[in-house]
Amino acid sequence: QVQLVESGGGLVQAGGSLELSCAASGRTFSNYPMGWFRQAPGKEREFVAAITWTGGSTFYADSVKGRFTISRDNAKNTMYLQMDSLKPEDTAVYFCAADPDGNYERPSDWSFWGRGTQVTVSS
């Protein structure tokens, strides 16, 4: 099992920045690719970004490319999501996930999930 806990959410004005963190415990964190997803009210959970276990490759949804940066520190068992130039449409609960089996962009392919952290962007 891997336990994941997100933090860093909050309220920010459009154009502002936030950094989310995902702290992992349990099985060896560095063994797994990790990812971020988000879910807005009334919408399905959607892929935001993913990172390989070494951190050598990253993947982004088109909607956040150039504005968000995913990273990880395996020594600290922590993954990050730096979010810049935030827009009201980025408002959602953000979840971290670990251990995908197949398609990174498909929520059902990920084995472990955190409980989420709320990000609200005001216009």
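The values are calculated or read from the model by the stated rules, or taken from the named source; none is laboratory data. Just so we're clear, the structure is a prediction, and the values are computed from it rather than from any experiment. Neighbour counts run over all protein chains shown; Cβ positions are idealised from the backbone, glycine included. When the accessible area is computed, the model is the full protein with side chains, heavy atoms only, and any ligands, DNA or RNA have been set aside. Shrake-Rupley method; radii C 1.70, N 1.55, O 1.52, S 1.80 Å.
Note the full-extension length gain between Ser108 and Glu89 as 0.36 nm times their separation in residues minus their Cα-Cα distance, in nm to one decimal.
4.5 nm
Enumerate the calculated ³J(HN,Hα) couplings along the range 47-53 in order (Karplus 6.51 cos²θ - 1.76 cosθ + 1.60, θ = phi - 60°), each rounded to whole Hz, writing x wherever the residue is Gly or Pro.
5, 10, 7, 9, 9, 6, 5
Using Cα positions and a limit of under 22 Å, work out the lysines in reach of Lys43, with same-chain residues fewer than 8 apart set aside.
Result set, ordered by chain and number: Lys65, Lys87.
I want the antiparallel fraction of DSSP beta bridges within the chain, as a percent rounded to 5.
Expressed as a percentage, antiparallel bridges in the chain total about 90.
Can you check what the net charge comes to around Met79, using other residues whose Cβ is under 14 Å from the Cβ of Met79 (Lys, Arg +1; Asp, Glu -1)?
Cβ neighbours under 14 Å give a net charge of -2.
Treating only the Cβ atoms of Lys and Arg (+1) and Asp and Glu (-1) as charged, compute the dipole magnitude of the range 34-104 about its Cα centre; round to the nearest 20 debye.
Result for the range 34-104 is approximately 140 debye, rounded to the nearest 20.
Can you work out the FRET efficiency for the pair Asn74 and Gln39, with r the C-beta to C-beta distance and R0 = 25 Å, to the nearest 0.05?
About 0.40, to the nearest 0.05.
Calculate what fraction, in whole %, of the accessible area of the chain sits on carbon and sulfur atoms when a 1.4 Å probe is rolled over the protein chains.
Looking at the chain in its full context, I get 45 percent from C and S.
Taking a quarter of the surface of the Cα convex hull of the chain, what do you get in nm²?
Seen from a random direction, the Cα hull of the chain projects 6.8 nm² on average.
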